[in-house]
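The block underneath contains the structure these notes are about, expressed in structure tokens.
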Amino acid sequence: MTRVFVFTNHKGGVGKSTSATNTALGIAGMLRRAGAPNARVLLIDTDSQAHATLVTTGTKEYGTDDSLYTVLMADRQNAAQTLLNCIVQSTWDADLHVLPASPMLEGAERELMGIAGAPYRLADPLSRILNRYAAIVIDTCPSFSLMTEMGLIAATDAIVPVEPRYLETVGLMSVIGKINDIREGWRQPNLRVSGILVTKMNTRIRGHNHLLDELKAHSVLGKLLLGVVPANEAVSYAHQNHQSIFNYDPKASASKAYAQFVGKLVQRIAKGGV
Amino acid sequence: MPPKNQTHRIDDLLGSVTEELLLGNPQQFEDNSIRVERLLLEMVRPDPVQPRRVLPEQLHFAFHNNRLTPTQALKELVQLVQVAARQRGRPFNNVLELLPNPDDESDEDQSVHLSPEEQLLHDLVNLAVTIRDDGQVNPLTVVDVSQGVTQQFRIETGERRYWATWLLRDFIAGYEGDGMIPCIIIPTERSSVFRQAKENTARSGLSAIAMARQAALLVLTVHGYEIPSHAVTNDFYRQALELDLRSKREYTEAVLSAMGGIKRGQFSYIKGLLRLSDEAMELADRHAIEEGRLRYVTNVAPEYHTEIVRQIIDFNLSSKQVKELCAGDGLDAADRDDKVEHLPASAVKLAKITQASNTTSAQDLAQAMLRQEGDASLARARLQAMRKLLTEAERYLTGD
Ligand SMILES: Nc1ncnc2c1ncn2[C@@H]1O[C@H](COP(=O)(O)OP(=O)(O)OP(=O)(O)O)[C@@H](O)[C@H]1O
Ligand SMILES: [Mg+2]
């Protein structure tokens, strides 16, 4: 079964889009390096701000008939085909495909609110094209909106990017609790919290180190820690240039950290297990 | 702006991580085996050059030139059959009415008179209902021909199941599937005209004309022709008429075995059917006329082909009757057999000349001989030698 990684945290600016885009590219690149017959990765942008779409495709001019919005509005019979039609190739890599977001997604939440089956409008068509991809990566907006819910329902693995300054276990537990609610409430036994990714880590700040140590020591959260990405200017520059961190500066500390993180995900993809 | 898509730059970084992580387990991804997957119907496309055609020619081209969606193509087929059925006094509205009624005993002999299109739709509806009731369908075999973001799989075998599933999805009530179809995905490098040919000839119901197209594809392939991925006219296949296997001895066996293990002589007869006119070919294909009855038709001028094939269909002419109908027009194909290829060309030429004896006067022949040899006695000698040869040849024929 193709893994669907969703990057989610209701806190804004913690590095969801940065992580989702670079991870998607990293998985494709690494699978190709490993000689996988299928190295295609699909990045789905569910955030109406369309940051992930912009950096990976060079534009966010997507709307009524060529974005995730189109898929959500399609009738059930045609939704999967519509999804296929809306996918574009990333300017980053031929194996990275993108289902773009659109500002219309904000309206979609209202349009779909209360419609039976609305939360499945991404999961359902996605399940029908899933096996064409080696992995799927979903970026979400910083709130538990209907869109985020759709992303979670479509996913198998939730990954929580978090900045050290928000690392208090209480806050993290509430994100995890929320994901668990989705799992129970929508009967998505396949969905689980499979990792925490610490972003913007600055080892010179004592508080950061302290919180990270606490996380590592935590009985549950400690096991979930999948990576620590240092605060690194290269990340913002790459973002501004609409480039991946790997291409912008492969030697940057953040590049190495993301490569390690992606390696762990690829291992899971390859093993098909935990 | 700095250049994008510098895949190589990140490769080193990702590569080092890859090796570290996957150390000792390099085989993990080298899985080129044949897989079964459920694919969205829309991702699957019939092969436009598949020798075994399912749709009638007109629909075949309209569909493959993207003038019709699968649903529209089926709609046209249904309408076509509706018109034909009404003319025969068996009108229907819903395709399910085409299913045989178990209480109606007359059904059985009615089916004898079904037109090929009616038969096709009957078969598809039957198959569709089986798929609906059993909840599954045997996997098709497909080849991954995806490019970029376009995911596409070309059907190698199972086109009828493909159409039946569309029919089920869009024309038959009670479909509860998800619009997907199970497929065995053949890696692109394993797919070949030979594979397809073997699959085709191993199954029953391959018409002689489909066999001819199949033969052409094989011959063209071994001669290095590119097989296109769009619908082609008969002239494409006819290029194979000028090519033969003799110049490609190393492939002869593989070709004949892909054609179902036929003999070389049979192969040339089958390939020879490509000489039929377009219309005759389409008719013969739809009505699945056997090679044994069609081979004689290629001996007459192309403008008569359709008429003769129609007569074969309408009067169900036997192979012998067709032979008689087509006789007297050049070299009789029936007398070419397996051995022909090994006969000296001079013998074949002489045999052919004997056919001219009815239309030639003795005086003309004498003059022609004189002109050719330039000397009356030399001409007489030639004729005497010929007379001797003819006498002896006749003796072989009487069995002495
Ligand atoms: N490791 C890092 N080092 C330095 N800057 C970073 C790092 N990760 C992310 N950033 C920067 O932080 C900002 C927010 O990152 P990003 O857009 O990925 O977060 P987000 O969680 O997707 O935000 P939003 O909630 O608004 O969608 C961006 O300007 C990004 O360049
Ligand atoms: Mg974001």
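Under 37 °C and 0.692 mPa s, how fast does the protein assembly as shown diffuse according to Stokes-Einstein, given a Kirkwood radius computed over C-alpha pairs? Answer in µm²/s, whole number.
Details: Rh = 30.1 Å.
Rounded to a whole number, D works out at 109 µm²/s.
Looking at the stretch A:172-274, which trypsin sites (Lys or Arg not before Pro) are DSSP coil and have at most 13 other C-beta atoms within 10 Å of their C-beta?
Working: sites: A:Lys178, A:Arg183, A:Arg187, A:Arg192, A:Lys200, A:Arg204, A:Arg206, A:Lys216, A:Lys223, A:Lys251, A:Lys256, A:Lys264, A:Arg268, A:Lys271; in loops: A:Arg187, A:Arg204, A:Lys251.
Those satisfying the criteria are A:Arg187, A:Arg204, A:Lys251.
Between the helical axis of A:16-33 and the dominant principal axis of chain A, each derived from Cα atoms, what acute angle in degrees is found, rounded to the nearest 10?
90 degrees
What is the percent carbon and sulfur in the accessible area of the stretch A:3-271, measuring with a 1.4 Å probe over the protein chains and ignoring ligands?
It is 50 percent, rounded to a whole number.
Could you tell me the accessible area of A:His51 in Å² (1.4 Å probe, neighbours in place), rounded to the nearest ten?
80 Å²
Rounded to the nearest 0.05, what FRET efficiency do B:His287 and A:Arg110 give with R0 = 56 Å and r taken as the Cβ-Cβ distance? Could you check?
The calculated FRET efficiency here is 0.40.
Which whole-number percentage describes the relative contact order of the stretch B:283-322, with Cα contacts under 8 Å and a sequence gap of 6 or more?
Computed value for the stretch B:283-322: 50 percent relative contact order.
Pick from A:Met73, A:Met147, A:Met113 the residue whose mean-square fluctuation is largest in a GNM of chain A, springs joining Cα atoms under 10 Å.
A:Met113
What length, rounded to one decimal in nm, is gained on full extension from B:His113 through to B:Asn65, with 0.36 nm per residue of separation minus their alpha-carbon distance?
Here the answer is 14.1 nm.
May I ask what percent, to the nearest 5, of DSSP beta bridges between residues of the protein assembly as shown are antiparallel? Write out the running numbers ahead of the final one.
Details: 13 of 46 bridges.
About 30 percent, rounded to the nearest 5.
List the extent of the Cα atoms of the stretch A:170-274 along each of their three principal axes, largest first, rounded to whole Å.
Principal extents (Cα only, largest first): 41, 34, 25 Å.
From other protein chains only, count the Cβ atoms within 10 Å of every residue's Cβ in B:37-46, then give the mean.
Per residue, the number of nearby Cβ atoms from other chains is 4 on average.
Given a cut-off of under 8 Å on Cα pairs at least six residues apart, what relative contact order in percent is computed for the stretch A:3-271?
So the answer I get is 25 percent.
To the nearest 20 debye, what charge dipole does the stretch A:127-274 have about its Cα centre, counting +1 at the Cβ of each Lys and Arg and -1 at the Cβ of each Asp and Glu?
440 debye
Mind checking the alpha-carbon convex hull of the stretch A:3-271 and giving the volume per residue in Å³? Kindly include the intermediate steps, with their values, before the conclusion.
Working: hull volume 31.4 nm³, N = 269.
It comes to 117 Å³ per residue, whole-number rounded.
Restricting the count to DSSP beta bridges whose residues both fall in the stretch A:3-271, what percent are antiparallel, rounded to a multiple of 5?
DSSP beta bridges in the stretch A:3-271 are roughly 5 percent antiparallel.
Tell me the accessible surface of B:Arg154 in square angstrom (1.4 angstrom probe, heavy atoms of protein chains only), to the nearest ten.
70 Å²
With 31 Å as the limit, write out which pairs from B:Lys320/B:Lys388; A:Lys60/B:Lys75; B:Lys75/B:Lys271; A:Lys60/A:Lys251; B:Lys248/B:Lys388 have Cα-Cα distances beyond it, or answer none.
Beyond 31 Å: B:Lys320/B:Lys388; A:Lys60/B:Lys75; B:Lys75/B:Lys271; B:Lys248/B:Lys388.
Over all alpha-carbon pairs in the stretch B:156-196, figure out the percentage whose distance exceeds 15 Å. Each step should come with its number before you reach the end.
Details: 423 of 820 pairs.
When every Cα pair of the stretch B:156-196 is considered, 52 percent fall beyond 15 Å.
Any chance you could give the angle, 0 to 90 degrees and rounded to 10, that helix A:76-86 forms with the longest Cα principal axis of chain A?
Its long axis makes an angle of about 60 degrees.
Roughly how far apart, in whole Å, are the Cα centres of the stretch A:237-272 and the stretch A:57-131?
Measuring centre to centre over Cα atoms gives 25 Å.
So which residues in the stretch A:77-112 end up with at least 40 square angstrom less accessible surface once the other protein chains are there, compared with the chain by itself, probe 1.4 angstrom?
A:Gln77, A:Gln81, A:Leu84, A:Thr91
Would you please name the GluC sites (Glu not before Pro) within the stretch B:208-292 that are DSSP coil residues with at most 16 other C-beta atoms within 10 Å of their C-beta?
Loop-located and lightly packed - B:Glu226, B:Glu290.
Treating the beta-carbon of each Lys and Arg as +1 and of each Asp and Glu as -1, no other charges, what is the dipole magnitude of chain A about its Cα centre, to the nearest 20 debye?
1040 debye
Give the ranking of A:Val88, B:Val322 by solvent-accessible surface, highest area first, calculated with a 1.4 Å probe.
So the residues, ranked largest to smallest area, are A:Val88, B:Val322.
I'd like the mean, over residues of A:125-131, of how many other protein chain beta carbons sit within 10 Å of each residue's own Cβ.
Mean shielding by partner chains, rounded to a whole number: 4.
Rank A:Ser17, A:Ser127, A:Ser244 by mean-square fluctuation in a GNM of chain A with C-alpha springs under 10 angstrom and give only the top-ranked residue.
Result for chain A, Cα springs under 10 Å: A:Ser127 fluctuates most.
Going toward the positive end of the dipole of the stretch A:3-271, with +1 on Lys and Arg Cβ and -1 on Asp and Glu Cβ, which of A:Val235, A:Gly195, A:Ser145 do you reach last?
It is A:Gly195.
Given the options A:Ala79, A:Ala135, A:Ala217, state which has the largest fluctuation in a GNM of chain A using a 10 Å cut-off (strictly under) for Cα springs.
Judging by the Gaussian network model, the answer is A:Ala217.
Take the Cα of A:Asn85, step 7 Å along the line toward its Cβ, and report every residue of the stretch A:39-62 whose backbone nitrogen sits under 19 Å from that point.
In the stretch A:39-62, the label zone of A:Asn85 (backbone N under 19 Å from the point 7 Å along Cα→Cβ) covers A:61-62.
Before rounding to the nearest 500, sum -39500 (n - 2.57) across all DSSP H runs of length at least 4 in chain A and divide by the residue total; then give [θ] at 222 nm in deg cm²/dmol.
So the calculated ellipticity at 222 nm is -14000 deg cm²/dmol.
For the stretch B:149-164, just list the computed ³J(HN,Hα) in residue order, Karplus coefficients 6.51, -1.76 and 1.60, θ = phi - 60°, integers in Hz, with x standing in for Gly and Pro.
8, 8, 8, 9, 10, 8, 6, 9, 9, x, 4, 5, 5, 4, 5, 5
Can you pull out the trypsin sites (Lys or Arg not before Pro) in the stretch B:156-249 that DSSP calls coil and that have at most 12 other Cβ atoms within 10 Å?
Details: sites: B:Arg160, B:Arg161, B:Arg169, B:Arg190, B:Arg195, B:Lys198, B:Arg203, B:Arg213, B:Arg238, B:Arg246, B:Lys248, B:Arg249; in loops: B:Arg203.
For trypsin sites (Lys or Arg not before Pro) across the stretch B:156-249 that sit outside H, G, I, E and B with at most 12 neighbouring Cβ atoms in 10 Å, the list reads B:Arg203.
So how much slack lies between B:Ser357 and B:Ala301, counting 0.36 nm per residue of separation and subtracting their Cα-Cα distance, in nm?
On the way: separation 56, 0.36 × 56 = 20.16 nm, distance 2.18 nm.
Contour length minus Cα-Cα distance gives 18.0 nm.
Quick check: pseudo-label points 7 Å beyond the Cα along Cα→Cβ at B:Gln152 and B:Gln136, how many nm apart are they?
Modelled inter-label distance: 3.0 nm.
Which one, A:Val266, A:Ala217, A:Ile245, projects farthest toward the positive side of the charge dipole computed for the stretch A:3-271 from Cβ point charges (K/R +1, D/E -1)?
Farthest towards the positive pole: A:Ala217.
Towards the positive end of the charge dipole of the protein assembly as shown, with charges on Cβ (+1 Lys, Arg; -1 Asp, Glu), say which of B:Gly177, B:Ala208, B:Ser247 has the farthest Cα.
B:Ser247
Compute the Kirkwood hydrodynamic radius of the stretch B:125-282, taking the inverse of the mean of 1/r over all pairs of distinct Cα atoms, and give it in Å to one decimal.
On the way: mean 1/r = 0.0572 Å⁻¹.
By the Kirkwood definition, the hydrodynamic radius is 17.5 Å.
Interface B/A, total buried accessible area with a 1.4 Å probe, nearest 100 Å²?
3700 Å²
Just tell me how shielded A:242-255 is by partners: mean number of partner chain Cβ atoms within 10 Å of each residue's Cβ, no decimals.
4
The values are calculated or read from the model by the stated rules, or taken from the named source; none is laboratory data. Note that the structure is predicted; figures quoted are calculated from it, not measured. Here Cβ is always computed from backbone atoms with ideal geometry, including for glycine, and neighbour counts include all displayed protein chains. Remember, those area values only see protein heavy atoms, side chains included, never the ligands or the DNA or RNA. Shrake-Rupley method; radii C 1.70, N 1.55, O 1.52, S 1.80 Å.
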